[in-house]
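No lab work stands behind these numbers, since they all come straight from the coordinates. No experiment lies behind these values; they were computed from the predicted model shown. FYI the Cβ positions are ideal-geometry reconstructions off the backbone, even for glycines, and counts take in every protein chain you see.
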Amino acid sequence: MAKKPQLAIDTRPWRDPDAKPFVRIKNVTKRFGDVYAVSDVSLDIYKSELFCLLGGSGSGKSTLLRMLAGFEQPTSGSIEIDGQDMTEVAPYNRPVNMMFQSYALFPHMNVEQNIAYGLKRDHLPPAEINNRVAELLSLVKLQDYGKRRPHQLSGGQRQRVALARALAKRPKLLLLDEPLGALDKKLREETQFELVKIQETLGVTFIVVTHDQEEAMSLATRIGVMNSGEIAMIGEPTDIYEFPNSKFVAGFIGSVNMVEGIVIEDEPDHVRIRSGELGCDIFVGHGVDCAPDQILWWAIRPEKITLSRDKPENAEDANVTQGIVEEIGYLGDMSVYQVRLESGKHIRVTQTNTVRGNPDSITWDEQVYLSWDDNAGSVLTV
Amino acid sequence: MSSFDTEAPPPRPRRPWTVVERGLAAVGLSGKALVIAAPAIWLTVFFLVPLLVVFGISLTVKQFGRPPYTPLLTNEDGTVQLTLHLNNYIRLFTDGLYISAYLSSIKIAFISTVIALCIGYPMAYAIARAPDQWRNILLMLVILPFWTSFLLRVYALTGFMRGNGVINNFLGLFGIEPLVMMQTDFAVYVGIVYSYLPFMILPLYTNLVKLDGALLEASADLGARPLRTFLTITLPLSMPGIIAGSMLVFIPAIGEYVIPALLGGPSTLMIGRVLWDEFFANTNWPRASAVAVAMLVVVVIPIMLLQKAQDAVQDRERAK
């Protein structure tokens with residue numbers, strides 16, 4: 001698994017309201033005929049970020065990336081890169097390079113020629129081009145493959161050539177369209193790590209488009225979740241996972257249990273939600289922007305729930321319900337329990353297998369209590 | 001552990017072909033051999049044998065009678081004599097007419113090919129890049145002229161280019177003197193390019209339509225302007241199409257007879273006309289055969305060179 005760059009608080013410019021964004025997307029809309037591929041998206045991306053645009057197919061993430069590269073013109077809105085308006089600038093005049101999902105390596109050129117292509121367009125002296133190509137080849141560990149043609153390389157090698165070619169011109173901003181999409185799982189994990197390392201060493205701003213949430217979580221400094229042409233949420237991976245702002249985001253990232261409930265107590269320091277589906281009250285230990293009798297949703301991650309045979313004590317007489325274990329999925333490091341509540345609702349619970357070969361572990365058809373902390377779940381109004 | 005209860009494999013289903021297959025196998029033939037044999041026999045009977053006959057005739061001399069050439073084999077008092085006359089071939093090299101006819105044919109075919117390429121490439125490119133719903137209509141328009149007789153179409157060109165034809169009448173409206181177009185090399189070029197343009201466009205189209213748009217975007221992304229992208233990406237990748245199209249225009253154009261006969265003048269020297277004259281005006285079959293064999297050699301050499309170039313390009317592209 002790739003390691004996230006360890007950022008100190010002061011290297012998170014998005015937390016500083018005075019910081020100047022490097023890429024500024026302002027109210028960008030893109031329409032194809034009657035279809036809004038991207039609608040009114042505004043997004044600020046800061047220098048040296050590794051920003052992930054995450055979304056399903058048709059969410060508009062690729063269209064947004066193509067507008068940054070200049071292959072598509074926004075129907076309205078503007079795109080600023082490094083303080084300069086780029087909305088109308090042709091792709092060949094932008095300080096931006098892109099790594100294509102299909103890699104788009106030129107089949108009639110060898111690896112060196114592919115990497116040198118952009119440098120030749122800048123009319124650099126041949127000696128410098130050679131140096132730069134050699135440097136890039138060693139960066140992506142392909143020193144011995146310079147004379148090969150793309151079809152003589154494996155998928156992983158092609159991916160690295162594509163990366164080297166995109167980095168060759170030392171762009172201020174690198175766009176990556178599903179950079180790891182075509183690789184198998186093992187290679188993907190290795191490459192993820194390398195990608196982050198290269199990004200950190202060069203300090204280039206990366207914008208990565210992906211549909212793979214795991215990839216986004218492990219790569220990104222921040223994630224922008226997209227849904228049907230709009231940005232559903234922007235935040236650091238932990239924000240997105242632990243504090244989703246909507247049912248869509250909560251459901252899109254990771255697995256989640258979602259129940260409907262009605263607000264019965266709305267105080268500044270806590271909220272009590274009654275949920276028939278859950279068969280108990282939910283006590284939320286912080287204030288929520290809601291009104292009494294409002295219907296809303298409460299979402300909790302499977303690992304935030306504790307299973308027990310004995311009824312745990314709860315001071316508020318809430319956050320405890322019971323059910324029957326229907327399915328157990330043993331995954332080695334943890335087990336996934338499918339628990340059926342009295343209402344018929346299924347709840348997914350994961351428990352870490354801390355005891356080796358535990359003979360006393362909870363098993364099929366057992367009556368169990370489910371409990372969670374006051375702040376374990378998210379209250380969602382949309 | 002017992003292996004007695006294993007069932008016998010189910011009998012192979014009888015297909016109608018099984019009978020045919022067995023019958024063929026009995027005489028030592030397989031379906032594969034037959035499939036290969038069919039075109040081989042066809043080519044032998046209708047191509048190789050006639051070619052050998054022509055080659056045989058080219059080694060005789062003209063005589064009056066029927067057939068109008070001396071026999072290759074004579075039988076005098078039991079002595080079979082094979083007489084090979086090489087003077088037809090020697091004549092090809094010594095008589096300036098033939099050499100200049102060959103050179104002129106190659107020149108006309110070459111220039112026509114280049115012109116057809118220059119016109120055909122943009123058309124093929126435009127069709128390949130056209131929106132889907134337009135593409136088939138545009139292709140249809142390219143192929144449509146084939147539905148009319150070739151002879152008729154070439155003849156119709158005279159209606160455009162003759163002294164009081166469409167073009168000159170139009171120019172006359174502006175008081176421009178009639179241009180002499182018919183019976184010139186110009187008319188021959190127009191005729192060849194017009195007739196063979198679809199053969200240039202179709203292979204180019206099939207090549208260009210496969211071109212991955214992402215490569216062009218990648219090139220632009222790396223800082224190449226559209227013209228540079230065309231020269232460094234599109235053009236090299238469309239080489240197989242260019243070669244195929246050029247072959248399809250160049251080869252028939254060398255031996256073209258109808259177009260120079262209908263549109264060309266007395267000064268338009270092409271080997272097809274020389275051949276025709278030898279056969280029908282001079283009834284010199286041996287000389288005509290020698291001209292034909294030499295033409296074959298002239299045509300085959302460029303084909304082989306182009307084929308080799310195409311193979312090289314395709315090797316490079318294979319397993320892309």
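Of the chymotrypsin sites (Phe, Trp or Tyr not before Pro) found in the range B:216-320, those in coil by DSSP whose Cβ has at most 16 other Cβ atoms within 10 Å are B:257. Reducing the range A:354-379 and the range A:153-183 to their Cα centroids gives an inter-centroid distance of 44 Å.
Counting other Cβ atoms within 10 Å, keep those with at most 16, restrict to DSSP loop, and tell me which GluC sites (Glu not before Pro) in the range A:57-110 are left. Sites meeting the loop and neighbour criteria: A:88. Taking a ≥ b ≥ c as the square roots of the eigenvalues of the Cα gyration tensor, chain B is classed as oblate, since a/c reaches at least 1.5 and a/b does not exceed b/c.
Under the simplified labelling scheme, the residue A:315-residue B:63 pair shows an inter-label distance of 12.9 nm, with each label point 7 Å from Cα along Cα→Cβ.
Annotation note: chymotrypsin sites (Phe, Trp or Tyr not before Pro) in the range B:114-204 located in DSSP loop regions with a Cβ neighbour count of at most 12 within 10 Å are B:174.
Tell me which residues come under 5 Å, amide H to amide H, from residue A:173 once H is placed; ignore anything under 5 positions away on its chain. Residues meeting the criterion, in which the H sits 1.01 Å from N, are A:97. For chain A, the Kirkwood estimate of the hydrodynamic radius, built from every pair of different alpha carbons, is 23.5 Å. Residue by residue along B:221-232, Cβ atoms of other protein chains within 10 Å of the local Cβ number 6 on average. The angle between the Cα long axis of helix A:111-121 and the longest principal axis of the Cα atoms of chain A comes to about 70 degrees, rounded to the nearest 10. Along chain A, the exposed loop sites are trypsin sites (Lys or Arg not before Pro) outside DSSP states H, G, I, E and B with at most 14 other Cβ atoms within 10 Å, and the longest stretch free of them is A:148-308. With 28 Å as the limit, the listed pairs A:61/A:169; A:197/A:247; A:26/A:120; A:61/A:345 have A:197/A:247; A:26/A:120; A:61/A:345 beyond it between alpha carbons. Note on residue B:100/residue B:176: beta-carbon distance plugged into 1/(1 + (r/R0)^6) with R0 of 41 Å gives a FRET efficiency of 0.75. Under Stokes-Einstein, with the Kirkwood radius over Cα pairs as Rh, the value for the protein assembly as shown at 10 °C and 1.306 mPa s is 48 µm²/s. Taken as Cα centroids, the range B:261-320 and the range A:7-80 sit 61 Å apart, rounded to the nearest whole angstrom. The phi-based Karplus calculation (6.51 cos²θ - 1.76 cosθ + 1.60; θ = phi - 60°) puts the 3J(HN,Hα) values of the range B:269-284 at 9, 9, 5, x, 5, 4, 4, 4, 4, 4, 5, 9, 7, 9, 6, 9 Hz, whole numbers, x for Gly and Pro. The label-point distance for residue B:140 and residue B:209, in a model that sets each label 7 Å from Cα toward Cβ, rounds to 1.4 nm.
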